[in-house]
1. Touching a residue at least 60 places away in the same chain (Cβ under 8 Å) and in a helix (DSSP H, G or I), is that true of residue 74?
2. Scan the stretch 39-55 for residues that are closer than 19 Å to residue 22 by Cβ and part of a helix (DSSP H, G or I) and jot them down.
3. Considering only residues of the stretch 6-52 that are closer than 19 Å to residue 74 by Cα, touching a helix residue (DSSP H, G or I) at 6+ places or on another chain (Cβ under 9 Å) and of a type in the set (A, V, I, L, M), which is surrounded by the most Cβ atoms within 10 Å (Cβ to Cβ)?
4. Assess whether residue 2 counts as being in a helix (DSSP H, G or I) and either modelled with pLDDT of 95 or more or more than 11 Å from the chain's Cα centre (by Cα) (or both).
5. In this structure, does residue 36 turn out to be assigned to a loop (DSSP other than H, G, I, E, B), free of Cβ contacts under 8 Å to residues at least 24 places away in the same chain and within 18 Å of residue 67 (Cα to Cα)?
6. Go through the stretch 56-71 and give me each residue that's in contact with a helix residue (DSSP H, G or I) (Cβ under 8 Å, 6 or more places away or on another chain), assigned to a helix (DSSP H, G or I) and of a type outside the set (S, T, N, Q).
Amino acid sequence: MANVKVFSTPTCPYCIRAKKYLSDKGIVFENVDVSGNEAALKEMIDISGQMGVPVVVIDGEVIVGFDQPRIDKKLGL
């Protein structure tokens with residue numbers, strides 16, 4: 001099983017889509033809400049170089065945005 005982490009905010013439509021997509025595919029993931037968590041926001045920026053969400057990390061590979069083809073490829077879907 002892949003180690004999946006999603007850095008997101010509650011109001012971001014692409015974050016909502018990414019989390020719903022992973023849930024619908026039965027993928028277990030850790031959701032990290034960066035909206036009120038400075039440490040999590042700093043971690044996200046450090047690993048992605050981006051301030052935008054979502055940032056999806058799958059087994060250490062950073063995917064910025066809801067890039068379904070890359071997510072599918074990395075998860076073997």
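1. Yes; evaluated as a whole, the condition is true for this residue.
2. Hits for the stretch 39-55 are 40, 44, 47, 48.
3. Checked the stretch 6-52; the qualifying residue surrounded by the most Cβ atoms within 10 Å (Cβ to Cβ) is 18.
4. For residue 2, the condition - in a helix (DSSP H, G or I) and either modelled with pLDDT of 95 or more or more than 11 Å from the chain's Cα centre (by Cα) (or both) - is not met.
5. For residue 36, the condition - assigned to a loop (DSSP other than H, G, I, E, B), free of Cβ contacts under 8 Å to residues at least 24 places away in the same chain and within 18 Å of residue 67 (Cα to Cα) - is not met.
6. So the first thing to find is which residues in the stretch 56-71 are in contact with a helix residue (DSSP H, G or I) (Cβ under 8 Å, 6 or more places away or on another chain), and the list is 56-59, 61-66, 68, 71.
Those still in the list that are assigned to a helix (DSSP H, G or I) too: 68, 71.
Correct list: 71 only.
The values are calculated or read from the model by the stated rules, or taken from the named source; none is laboratory data. Every value quoted in this text rests on a predicted model; they were computed, and no experiment measured them. Don't worry about glycine lacking a Cβ; one is built from the backbone with ideal geometry, like all the others, and counts go over all protein chains shown.
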